[in-house]
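Scroll down for the structure; my scribbles are underneath it.
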Amino acid sequence: MSIFTKALKHSKPSYEIDAKIDLFNYKLKKTKLGEAIANSTGGVYSITQDIPEKPYVPPTNTEVPDVSGITGQGFNQPTGGGIENDPNTWENGWNNNDYLKNPNEIGGESNRPIIATVPNSPYHNAGYGGIVTYSGYFGTSVGYITADNEYRQILIGGLIGGTENPDAPNARSPGDGGYYGGLTDSQYDYAVQFWRKYQSIVNVAGSKSLRVWNTYNRFHDFQRGGEFATWTGGPKRSDGKILVNVNILVAPQTYESDPGSPYERGYTTLISRNGLGDSNYYPGPVQPQGDVANLGPYEVKTMLDIIKGTPGTPDAQRARDTLDRWATPGSKNRETLIRMGILEKASSDIGGNTQIAGSLSGTRNSAGDKPIDAKGPHSPIKDYGGNMRFGPSGPSRDPWSPTGLYKVPGA
């Protein structure tokens, strides 16, 4: 039994194979795997661009411009019309802290504080500023100046001097000696922030004395001016306020002038994806350029036969001229044609390749040993073996022929 007979004997019916193929194709469509493995050149040309990483850039903080001169030498606090020895001016004098603010819009916000302060006070929404110290109570109390130019204590002065630290253990436990036990959570958190800011600048910033209003306290103020009704310690107001001295820490306030940028990892982005047939990459088949384009071994052999079979004729000369243009200087093809006596040697003729070898092998086409007259775009046109044609300007090719050569009727 032959191998072919055995194969037929043991082969399965084709309908079983067809059924398995259909089942396989169904599952590919169902799972969409068929799309992934389908032969396609749709995305073979991909243009990508590498985007480098972007390093972290921290925010830029800039000092708020000092338009009142409070941070400079020779600053004189505006009194708002108040005169120390003229009681008629006390009610309306020293009535704002505009000297602590820049009224211009800076970074989308106006009235920014010029002097360092702590934002988000639970006692005042806006307008306050500075970090000031006051020694009219026990120790040194610390606070800020309100928009009405009044002192607001935030940190309590110690009984034996200094300032009580709200960040200390048991600071909110009165039974353990804590002074901040009566504060709400927001007030206490603000006191802690105020303490930390105060500690960061108290030993490095200069200070200036300012006149501000403060509530009269008989326990602390009586010894330096007597009773409020007969107060002799300086200007006073009918609302129970007296004018006192505080020291403001002259440290410039900053704002975020540039938010900076976060770190970004580098990545590769796809710019375009194109198939093999896209005109940007494949404009179509290379079109013949001149009468020597696409000159293959068959055409070369035909021209050699013309030169050898009809020496001295115009056709032979045209074939020789064509080969001269085809065989580039220095190539093996040209060297071979020179050795054959087809072409003459020039100074630029050196070694190259061996493409002509294939055109010189084999037997000559038996058909067309003699020229046959034919009609075509070049007249007269003669047919040589293998349907090769030459007109007055060179070889002629039939654009409608699969071989690209003119065919002669009946040939």
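Here is how the numbers come out for the structure above:
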| quantity | calculated |
| --- | --- |
| Test for Gln199: is it without any contact (Cβ under 8 Å) to a residue 24 or more places away in the chain, part of a strand (DSSP E or B) and not hydrophobic (A, V, I, L, M, F, W, C) | no |
| Filter result for the condition that a residue is assigned by TED's automatic domain parsing to the domain that holds Asn96, over 30 Å from Gly80 (Cβ atoms) and crowded, with 16+ Cβ neighbours inside 10 Å, over Tyr198, Tyr180 | Tyr180 |
| Residue that is in the same structural domain as His220 (by TED's automatic domain parsing), touching a residue at least 24 places away in the same chain (Cβ under 8 Å), outside any loop (DSSP other than H, G, I, E, B) and touching a Ser or Thr at 6+ places or on another chain (Cβ under 6 Å), where the choices are Val142, Val192 | Val142 |
| Filter pass, Asn104 being touching a strand residue (DSSP E or B) at 6+ places or on another chain (Cβ under 9 Å), outside any loop (DSSP other than H, G, I, E, B), surrounded by fewer than 19 Cβ atoms within 10 Å (Cβ to Cβ) and in contact (Cβ under 8 Å) with a residue 12 or more places away in the chain | no |
| Scan of segment 171-206 for residues that are hydroxyl-bearing (Ser, Thr, Tyr), within 47 Å of the chain's Cα centre (by Cα) and within 16 Å of Thr140 (Cβ to Cβ), ordered by number | Tyr198 |
| Matching residues, segment 317-335, being part of a helix (DSSP H, G or I), without any contact (Cβ under 8 Å) to a residue 40 or more places away in the chain and surrounded by fewer than 20 Cβ atoms within 10 Å (Cβ to Cβ) | Gln317, Arg320, Asp324, Arg325, Lys332 |
| Selected residue (only one of Glu256, Glu299, Glu335 is at pLDDT 80 or above, of a type in the set (Asp, Glu) and farther than 30 Å from Gly130 by Cβ) | Glu335 |
| Tyr128 among the aromatic types (Phe, Trp, Tyr), within 14 Å of Val246 (Cβ to Cβ) and in contact (Cβ under 8 Å) with a residue 40 or more places away in the chain | no |
| Residue count for segment 26-52, restricted to those that are modelled with pLDDT of 75 or more and out of contact with any strand residue (DSSP E or B) (no Cβ under 6 Å at 6 or more places or on another chain) | 1 |
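The values are calculated or read from the model by the stated rules, or taken from the named source; none is laboratory data. This structure is a prediction, so every number in the text was calculated from the model and none was measured. In this analysis, Cβ positions are derived from the backbone assuming ideal geometry, glycine residues included, and neighbour counts consider all displayed protein chains.
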